[in-house]
1. Taking the full set of protein chains and a 1.4 angstrom probe, give the accessible area of residue 257 in square angstrom, rounded to the nearest 10.
2. Which whole-number percentage describes the relative contact order of the stretch 2-374, with Cα contacts under 8 Å and a sequence gap of 6 or more?
3. Let me cross-check residue 35: its accessible surface, 1.4 Å probe, with only protein heavy atoms counted, in Å² to the nearest 10?
4. Given a cut-off of 42 Å, what percent of all Cα-Cα pairs of the chain lie beyond it?
5. Only bridges whose two residues both fall in the stretch 2-374 count here: according to DSSP, what percent of them are antiparallel, nearest 5?
6. With the Cα gyration tensor of the stretch 20-174 giving a ≥ b ≥ c as the square roots of its eigenvalues, does the rule (a/c under 1.5 for rounded; else a/b larger than b/c for prolate; else oblate) give rounded, prolate or oblate?
7. For the cross-link pairs 316/367; 185/365; 141/365, which exceed 23 Å when the distance is taken from alpha carbon to alpha carbon?
8. For the stretch 208-353, give the share of DSSP beta bridges that are antiparallel, in percent and rounded to the nearest 5; count only bridges with both residues there.
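The values are calculated or read from the model by the stated rules, or taken from the named source; none is laboratory data. The structure displayed is predicted, hence computed values, not measured ones. Neighbour counts run over all protein chains shown; Cβ positions are idealised from the backbone, glycine included. We work out accessible area using only protein heavy atoms, side chains counted, and drop any ligands, DNA or RNA first. Shrake-Rupley method; radii C 1.70, N 1.55, O 1.52, S 1.80 Å.
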Amino acid sequence: MRVLVIGGDGYCGWATALYLSNRGHDVAILDSLIRRHWDAELCVETLTPIAPIQHRLQRWQDLTGKRIGLYIGDICNYHFLERAMLEFQPEAIVHFGEQRSAPYSMIDREHAVFTQVNNVVGTLNLLYAIHTHNPDCHLVKLGTMGEYGTPNIDIEEGYITIEHNGRKDTLPYPKQPGSFYHLSKVHDSHNIHFACRIWGLRATDLNQGVVYGVLTEETGMDELLINRLDYDGIFGTALNRFCIQAAIGHPLTVYGKGGQTRGFLDIRDTVRCIELAVNNPAAPGEFRVLNQFTEQFSVGDLAHKVQEAGKALGLKVEIQHLENPRVEKEEHYFNAKNTKLLDLGLQPHYLSDSLLDSLLNFAIKYKHRVDVNHILPKVKWRA
Ligand code: NAD
Ligand code: USQ
């Protein structure tokens, strides 16, 4: 299948583009490379040294004989997007190309506005481009589990059946996101759902949990194919950050009580979930929602797991409860459904001692690149 991976220079997108190419799909990456610019803006670098996208792709072709196309540009620029769509004629589009950090979106008004414009306008342009030029193309859009927030009832996959005053309907599940970033995903979901209803587009919204890990079969093939691994207080995410903190002897940064519970998945499952969605497209007019995570953990549980795994490697790992920079529940009910991807054939890589061991060793290998000034969180929700 011809698959366009938007955001293919990023963490999930790079691993996915190589994986799909390796599995025989005809892949092209579209990316504005703006994430590299945000790193420069914040004066941070990923733990791993990532090569320029052109070198990465050349190396992939030299190693495997498989060519991945490249379109460098911004999906908020409609004419650029149209040209790429008309030239590549994708049968599926996997859309990772957004500003994805909650703290970045909460820095100040400019960053909140930028996040929502970049994400919502980019996705809306994409919907118009598909409708106008390629209406049968399946949109596989990365959403987030954070769209649901932490309600005191079970979280369903996208929709909930409600009885009200004697009448019954199946409706979009209520959304209570926790940042202007997470809100941008809710706005996207509404726009995509509407486009499916009015134009008959086919779309899958993948409400992904927090991703951890760095190695996939393909990105581990060669140093030039290495994936990014963020550890800083803005783009770094919980488990990845904890492993890197353990590697450099920094106390693990649990925010508040640490009872915040989220869905998590290994990056090797991210790439497989995308493949399952691509290979099993939504029907015309269908807005399909899948919850993409494999296990639930509280932040405190994860810190303890990293502490134990670190001990086995001879690392002395302390856990520190910091004042929570975010506004969120620190103790709450959380029980989210995630059966639809399993039904499609996902065989999860559950979090294991061997994964923690390999991630810790990876972090130790590159720990000389860590700038400790970027570990503590600096962005406050109430500022
Ligand atoms: P990332 O920042 O590593 O990659 C995003 C890529 O998109 C970057 O290469 C960036 O340059 C590109 N991009 C951003 N805006 C663009 C635009 N307007 N036009 C073209 N390219 C643009 O992020 P990631 O961690 O790979 O996340 C990818 C997607 O998955 C995001 O949509 C994110 O919300 C979602 N997601 C990520 C996680 C996670 O834990 N990393 C969890 C759940 C959902
Ligand atoms: N947390 C800590 N200590 C840290 C970092 C985070 O306690 O050092 C806590 C946060 O307060 C939060 C939880 O861990 O309660 C998750 O935070 P995170 O930074 O790991 O993840 P989040 O901000 O939710 O965002 C990440 C990705 C985002 C994606 C989301 C999936 O950056 O793109 O949408 O995970 S989800 O969380 O399911 O919405």
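1. Rounded to the nearest 10, that gives 130 Å².
2. Computed value for the stretch 2-374: 20 percent relative contact order.
3. 30 Å²
4. Result for the distance tail: 7 percent.
5. Numbers: 10 of 48 bridges.
If I count the DSSP bridges inside the stretch 2-374, around 20 percent turn out antiparallel.
6. prolate
7. 185/365; 141/365
8. Roughly 35 percent of the beta bridges in the stretch 208-353 run antiparallel, per DSSP.
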